[in-house]
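Here the structure comes first, spelled out in structure tokens, and everything after it is commentary.
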Amino acid sequence: MRETRIMMGMPITIDLGASDGALAETVFGYFDEVDRRFSTYRTDSEISAINRGDIPVRDWSGDMREVMALAEQTRKDTGGYFDVHRPDGSLDPSGIVKGWAIRNAADIVRVAGVVDFFIEAGGDIQSSGKNASGQEWSVGIRSPFHQDEIIKVVYPHGHGVATSGTYARGQHIYNPFNACGQISDVVSLTVIASDVLEADRFATAAFAMGREGILFLERTQGLEGYLVDEGRRATPTSGFGAFCLP
């Protein structure tokens, strides 16, 4: 079965093949829990309470501690280009929570014994096995200039895929080293990694680097990328082509 719901402020799609609807409800329920804890738009979320100063660090939930530890590791891995601290000093882990949540949702599905599945949240994807036709799952990279146009099709082969860009949500990604400046030379950057969490945590940072982001991906083992710049030019990493074959 394949179902899409609007949750966490974005469409979330789950395709669990022939499994029953109960598992899908469990997965959607998990995403709802994540939203209740990490949404910066909800006044009743844990992250909002933390930003108000209502919850000291010693009282953070285990999930919050895990995500913040991952964020700090990503900050170190990217030379500071990933930072959950907003320019105003508040915390916003949304650049890593989505991939983290999809990875955990995929684990829920695997534990239930399902090997063929596809989970997408806001363009970040984790798939496994085959689709209903017995073929490799495929993912279309949309044109940042014409979103009804697919400019590249990739086959994750069990890897995770994440795309960062400004074409859908505007300037929501910033360079921590130039917080007041807008990122204008890059409009879309897709990352493929061992799983969706790895893809997501590096996609945000690489986009914040501007044109240098694709070079960062090229140098980093286990990461492949596909950058589209403001001049409508696409630049892939050297190993990206392997994911263009079924």
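Could you pull the Cα extents of the stretch 184-232 along its three principal axes, largest to smallest, in whole Å?
Principal axes ranked by extent give 30, 18, 15 Å for the Cα atoms.
Ignoring everything but the protein chains, give the 1.4 Å probe accessible area of Lys76 in square angstrom, nearest 10.
130
Taking all protein chains together and a probe of 1.4 Å, list Tyr30, Tyr41 from the most accessible to the least accessible.
Tyr41, Tyr30
Suppose the chain between Arg58 and Arg211 were pulled fully straight at 0.36 nm per residue; how much longer would it get relative to their current alpha carbon spacing?
In short, 51.1 nm is gained.
With labels modelled as points extended 7 Å from the Cα through the Cβ direction, what inter-label distance (nm, one decimal) is found for Lys76 paired with Ile150?
Rounded to a tenth, the inter-label distance reads 4.0 nm.
Note the per residue figure in Å³ for the convex hull of the C-alpha positions in the stretch 61-158.
Cα convex hull per residue, to the nearest whole number: 144 Å³.
Volume per residue, Å³, of the convex hull around the alpha-carbon atoms of the chain?
Cα convex hull per residue, to the nearest whole number: 125 Å³.
Of the heavy-atom accessible surface of the chain (probe 1.4 angstrom), what whole percent is carbon and sulfur?
Its accessible area is 48 percent carbon and sulfur atoms.
Any idea of the accessible area per residue across the stretch 1-146, 1.4 Å probe, to the nearest Å²? Show your work: numbers first, answer last.
Details: 7040 Å² over 146 residues.
Value for the stretch 1-146: 48 Å² per residue.
Kindly rank 143-151, 157-165, 213-221 from highest to lowest mean number of other beta carbons found within 10 Å of each residue. Could you put the intermediate results ahead of the total?
Values: 143-151: 13.0, 157-165: 22.6, 213-221: 17.6.
Sorting 143-151, 157-165, 213-221 by mean packing, highest first, produces 157-165, 213-221, 143-151.
If you find the alpha carbon centre of the stretch 104-135 and of the stretch 1-68, how far apart are they in angstrom?
A separation of 18 Å, based on Cα centres.
Based on the Cα coordinates of the stretch 132-246, what is the per residue volume of their convex hull in Å³?
Enclosed volume per residue, from the Cα hull, is 105 Å³.
Grab the beta carbon distance between Arg36 and Ser138, set R0 = 22 Å, and tell me the FRET efficiency rounded to 0.05. Walk me through the intermediate numbers first.
Values: r = 33 Å, r/R0 = 1.49.
That pair, Arg36 with Ser138, gives E of 0.10.
Enter the mean projected area of the convex hull around the alpha-carbon atoms of the stretch 1-77, in nm², rounded to one decimal. List each step's numbers first, then the result.
On the way: hull surface 26.7 nm².
Taking a quarter of the hull surface, the average projection is 6.7 nm².
Please report, in debye to the nearest 20, how large the charge dipole of the chain is about its Cα centre when each Lys and Arg carries +1 at its beta carbon and each Asp and Glu carries -1 there.
Numbers: 23 positive and 34 negative charges, 76 e Å.
In debye, rounded to 20, the chain gives about 360.
The values are calculated or read from the model by the stated rules, or taken from the named source; none is laboratory data. Please read all numbers here as calculations on a predicted model, not as lab measurements. Note that each Cβ is placed from the backbone with ideal geometry, even for glycine, and that neighbours are counted across all protein chains shown. Remember, those area values only see protein heavy atoms, side chains included, never the ligands or the DNA or RNA. Shrake-Rupley method; radii C 1.70, N 1.55, O 1.52, S 1.80 Å.
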